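Okay, so here's the structure we're looking at.
The values are calculated or read from the model by the stated rules, or taken from the named source; none is laboratory data. Quick caveat, the model's predicted, so the values are computed rather than measured. Don't worry about glycine lacking a Cβ; one is built from the backbone with ideal geometry, like all the others, and counts go over all protein chains shown. Protein only, heavy atoms only, side chains kept; ligands, DNA and RNA dropped before computing areas. Shrake-Rupley method; radii C 1.70, N 1.55, O 1.52, S 1.80 Å.
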Amino acid sequence: MTDTDGKTKDKKPLTLSAKNLTLGKGGEGGAHVRQSFTHGRSKTVTVEVKKKRVILPGQQGETDKLSPEEKSFTSAGLTSKEIEDRLKALHGTINTQAVEAERNRLNALEEQSRLEDEKQEKKRADTLTSESSSPLPIEPEIKLAEDAVYKKKTVYSSYADEEEATRRGKGEDKVKVPVTKRIEPRRRSGKLTIVQALRGDEDKPSRSLASMRRQREKRKMAGMEAPQQKVIREVIIPEVITVQELANRLAERGADVIKVLMKMGVMATITQSIDGDTAELIATEFGHQVKRIAESDIEIGLHLKEDDETQMKPRPPVVTVMGHVDHGKTSLLDALRKTDVVSGEAGGITQHIGAYQVVIDANNKITFIDTPGHAAFTEMRARGANVTDIVILVVAADDGVKDQTIEAIHHAKAAGVPIIVAINKIDKPGADPERVRNMLMQHEIFLEKVGGDILDVEVSAKQGLNLDKLEETILLQAEILDLKANPNRHAEGVIVESKLERGRGVVATVLVQKGTLRVGDLFVAGAEYGRVRALIDDRGNQVIEAGPSVPVEVLGFNGAPLAGDDFVVTNNENQVREISEFRQRRAREAKSALSARGSMEQMFSKIAAGEIKDLPLVIKSDVQGSMEAISGSLTKLATEEVKVNILHAAVGEITESDVTLANASQAMIIGFNVRANPQAREAARRDGVEIRYYSIIYDVVDDIKAALGGLLAPTLREKYLGAAAIREVFTISKVGKIAGCMVTEGLVKRGAKVRLLRDNVVIHEGSLKTLKRFKDEVKEAREGYECGMAFENYNDIKVGDTIECFEIEEISRTLE
């Protein structure tokens, strides 16, 4: 097989010889490969690699003119243009690497110089500083040889040559990164405690909590560690506390506290509450000290201490007018005030407390409190006596001492205040002042005219007689009492009356006793609190402040307080809210305890048997005092069988919500001096709820008493009709025995109850089955007539027996 080329005649033809193909010795790139076989046999093989030079056609003459470096690129089969481009890129890379190497060397020298300067500055600062401080860790120096030789990177003609040089180990040496020794402390093991942080032993290794716990347990097991001493604590115990909270305060386990309770015979879980006495016994059992507190301690500090005598100034006297109904109390006060107050009272009877101030002259003023005289307002009158300095006992000259007069005397004596007797209505024809004085002596009221020490004045409120003398007597008594108060302090007083007005909200009459009340003051009154928005005096004028013994109307309450509640001004709003919540909670508990009648078992049994009947009511009044008086009077009407159930009692008009409550509970609504709004009237008409309006408390009590009487079970009474004697007994088939009788007394009625007597002993009681005269059924048989009678389901009758006839009638009961 031959191949010829016409262009090149000297080229030898390619032939295949009969000789074996072998690799010649020597040559570039030779290597020995050792092969291992089993049984220790091995074989070495020599591998020779030969590169064949490739010359493209037409380049034979050009290659002879190239340099050796260019010839190496030409042998790779590249054109002259490609070779020129690659050489330019190669020389550019070499120049760039040289520039970067020089820049790195200069940076290293500059960094070394900076570190040396910092080191010198550090040594100089340590020498000048006398305080001891832990040195900061110095960064390791980077040592660079000044005569470091930077080798140029070897450039290969092809990627294959570079790989071959790398495989034979002739490639570029790898740069070894120097390993810097770690000189900063290791991360802390365990938790950092406060003692370690303060002591500063941060470099010392600390043991873990688990290791310390194990060591403590080992010492305890070995008996090396003494038991910990018990810590005696002062435990604060309230009135009621849960077992869990008690265990937390004692720093004891809940199971241990429950064990102590079980030993005391108290079975309680961890979440149940126990009383303060039991908790105190448990704390004493564990050896702790006990400090008892109560919820009422929150009121400590509300009332200020006694005032300084140097700041006390005279104040007007507070006078309370007391007496029997219609003895002229309000008329007397009206004459003093020169205004008409009685005309505004229903029936001429004072329905709620009024507080007024009368100016006698430029320097003298008198504050009057007019209390109702009706017995239903006993509590209101008692509150009036508690806030007063002087009591004026009004007694009618023609009527004398009555029940409410005696009651007023008892209130005045209990309050420990002086009494001035005003004998009123001396202008009437039947007036007898001496008779009144003698009657007062029976109740230990000794007047000056009979040798006593109590002043009395004969007056006439209608004609205005001796009113000036009465005022002089009041001022004289006040001068003897030497009444003083400190106006330069927070105000304290008492609620005289409260009511709810449309557009103004809750309005309360407050009698200031100490200090000065100003607009904007924060106050607490009983279970309510608020801020003074406006002050209105007894004449309807707005004022900025009110001093001692001055009655004013206060606006700004969040709810209607009760008459007689204390009124205290304070600056702590949080304390005011807490006191209000505590008092409301205490009032609810007292109300629930008061409404409970007997034990639960008794209540359930009575309800099941229908023994307890109640009359549900919703009461709305114009003022708080009237509402309290009505509720108290109606509650007292309750008996063992019937009672009044007051579902809701409040101040203000009757609203639709009141009608809804009454409809759901089948209750009746009582409006005292108030009316229902149009929505409430429409709802009441639609739901059939009864609304009753009253202006005098007598009518309320009488109507409710009659309604409760209707709930009482009627009294059953036996009415005797007559008697008959059995003369003969007849037996009739399908009917039974018939008694032939003679009516001996009264009459016998068909359908009435009968009683069979034998030898004056009752042997049967039932009803008549039939009553006949001859063969006709009759309704009754009178005395002297004969008749035939048969009993219902009873036939044991004999001659000589007596039959009594009677009726059971029901009699309605009334409350006494």
> Taking region 461-505, which residues are surrounded by 15 or more Cβ atoms within 10 Å (Cβ to Cβ), out of contact with any Gly (no Cβ under 9 Å at 6 or more places or on another chain) and over 30 Å from L302 (Cα atoms)?
Replying inline: L465, N466, L467, L470, E471, T473, I474, L475, Q477
> Does region 618-635 include one or more residues that are over 15 Å from I691 (Cα atoms), surrounded by fewer than 18 Cβ atoms within 10 Å (Cβ to Cβ) and in contact with a Pro (Cβ under 9 Å, 6 or more places away or on another chain)?
Replying inline: no
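Given the structure, is A683 part of a helix (DSSP H, G or I), farther than 24 Å from V506 by Cβ and of a type in the set (A, V, I, L, M)?
Yes.
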>> Could you check region 509-530 and list, in sequence order, the residues that are of a type in the set (D, E, K, R) and either in contact with a His (Cβ under 7 Å, 6 or more places away or on another chain) or under 22 Å from S626 (Cα atoms) (or both)?
In response: E528
> Does I726 satisfy the criteria of being closer than 30 Å to E792 by Cβ, open to solvent by less than 30 Å² (accessible area, probe 1.4 Å) and not in a loop (DSSP other than H, G, I, E, B)?
Replying inline: yes
> Of all residues in region 506-529, which are surrounded by fewer than 21 Cβ atoms within 10 Å (Cβ to Cβ) and either on the phi > 0 side of the Ramachandran plot or hydroxyl-bearing (S, T, Y) (or both)?
Replying inline: T516, G520
> So A210 clears everything in (1) outside any loop (DSSP other than H, G, I, E, B); (2) loosely packed, with under 11 Cβ neighbours inside 10 Å; (3) under 26 Å from the mean Cα position of the chain (by Cα) except one condition, right? Which one?
Replying inline: (3)
> So how many residues does region 267-295 have that are closer than 28 Å to F582 by Cβ, open to solvent by less than 50 Å² (accessible area, probe 1.4 Å) and either hydrophobic (A, V, I, L, M, F, W, C) or part of a helix (DSSP H, G or I) (or both)?
Replying inline: 9
> Do we find a residue being in a helix (DSSP H, G or I) and not charged (D, E, K, R) anywhere in region 226-241?
Replying inline: no
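Being closer than 16 Å to I732 by Cα and part of a strand (DSSP E or B) is the filter here, so list the residues in region 778-794 that pass it.
Once the filter is applied, which keeps residues that are closer than 16 Å to I732 by Cα and part of a strand (DSSP E or B), region 778-794 yields C787, G788, M789, A790, F791, Y794.
Please state which one of A396, A414 is small (G, A, S) and at pLDDT 85 or above.
A396 is the lone residue from the list that is small (G, A, S) and at pLDDT 85 or above.
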> Quick check, is Y694 open to solvent by 70 Å² or more (accessible area, probe 1.4 Å) and at pLDDT 80 or above?
Replying inline: no
>> Quick check on region 647-662. Is at least one of its residues charged (D, E, K, R), at pLDDT 85 or above and open to solvent by less than 30 Å² (accessible area, probe 1.4 Å)?
In response: yes
>> Checking D389 against (1) surrounded by fewer than 19 Cβ atoms within 10 Å (Cβ to Cβ); (2) touching a residue at least 12 places away in the same chain (Cβ under 8 Å); (3) under 30 Å from L562 (Cβ atoms), only one condition comes out false. Which one?
In response: (1)
> Does E444 satisfy being more than 30 Å from V674 (Cβ to Cβ), of a type outside the set (V, I, T) and open to solvent by 70 Å² or more (accessible area, probe 1.4 Å)?
Replying inline: yes
>> Please go through region 228-266 and give me each residue that is of a type in the set (D, E, K, R) and either out of contact with any His (no Cβ under 7 Å at 6 or more places or on another chain) or surrounded by fewer than 12 Cβ atoms within 10 Å (Cβ to Cβ) (or both), ordered by number.
In response: K230, E234, E239, E245, R249, E252, R253, D256, K259, K263
> Of all residues in region 330-353 being surrounded by 22 or more Cβ atoms within 10 Å (Cβ to Cβ) and touching a Pro at 6+ places or on another chain (Cβ under 9 Å), which is modelled with the highest pLDDT?
Replying inline: I353
>> Residues to consider are R539, R533; find the one that is open to solvent by 30 Å² or more (accessible area, probe 1.4 Å) and either touching an Asp or Glu at 6+ places or on another chain (Cβ under 7 Å) or more than 25 Å from M627 (Cβ to Cβ) (or both).
In response: R539
> Any residue at all in region 424-440 that is touching a strand residue (DSSP E or B) at 6+ places or on another chain (Cβ under 7 Å), open to solvent by 70 Å² or more (accessible area, probe 1.4 Å), free of Cβ contacts under 8 Å to residues at least 40 places away in the same chain and not polar (S, T, N, Q)?
Replying inline: no
>> Of the conditions (1) in contact with a helix residue (DSSP H, G or I) (Cβ under 7 Å, 6 or more places away or on another chain); (2) in a strand (DSSP E or B), Q513 satisfies every one except a single condition; which number is it?
In response: (1)
